[in-house]
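The structure under discussion appears below in the form of structure tokens.
The values are calculated or read from the model by the stated rules, or taken from the named source; none is laboratory data. In this text, all values refer to a predicted model and were calculated from it rather than measured experimentally. Because the Cβ atoms are built from the backbone with ideal geometry, glycine has one as well, and the counts that use them run over all protein chains shown.
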Amino acid sequence: MKAYEPYLESIFYNLLSNAIKYHDKNRRLQIDISAIAEQHEVVLIISDNGLGIDLSKSSGKIFGLYQRFHDHIGGKGLGLYLVKTQVESMGGHIEISSTPGQGTTFKIMLPVQ
């Protein structure tokens, strides 16, 4: 995998800081990080047990600029936009799955070059 290190740092920073910021105060925070090497790509998976996002209401806006999904917690709505932009600039793509009250999983696929 040929990746731009500052982008990888930013991607991890944004996803991990969101997991911490949007954790469920009634549960102990859990973040799982894994990587899978496949023939033509590396898959990075970052999961948390936080507040989650209702994708049926916001799926088309998840990675949009200035989008926020939890108004009771401060933020500018830039993090996920930056993550998607950086992943795509390295030739990859990102997927999200989330359930309100259970958590969120981001799956990042980056090509092996």
For this session: Give the residues of the range 34-53 that are surrounded by 13 or more Cβ atoms within 10 Å (Cβ to Cβ) and farther than 14 Å from VAL87 by Cβ, sorted by residue number.
Result: SER47, ASP48, ASN49, GLY50, LEU51, GLY52, ILE53
Exercise. In this structure, is GLY60 assigned to a helix (DSSP H, G or I), modelled with pLDDT under 90 and on the phi < 0 side of the Ramachandran plot?
Worked result: yes
Problem set entry | Those residues of the range 15-52 which are of a type in the set (A, V, I, L, M) and either in contact with a helix residue (DSSP H, G or I) (Cβ under 9 Å, 6 or more places away or on another chain) or part of a helix (DSSP H, G or I) (or both), in sequence order | LEU15, LEU16, ALA19, ILE20, LEU29, ILE31, ILE33, LEU44, ILE46
Exercise. In the range 6-26, what residues are modelled with pLDDT of 95 or more and either closer than 14 Å to MET90 by Cβ or surrounded by fewer than 17 Cβ atoms within 10 Å (Cβ to Cβ) (or both)?
Worked result: PRO6, TYR7, LEU8, GLU9, SER10, ILE11, PHE12, TYR13, LEU16
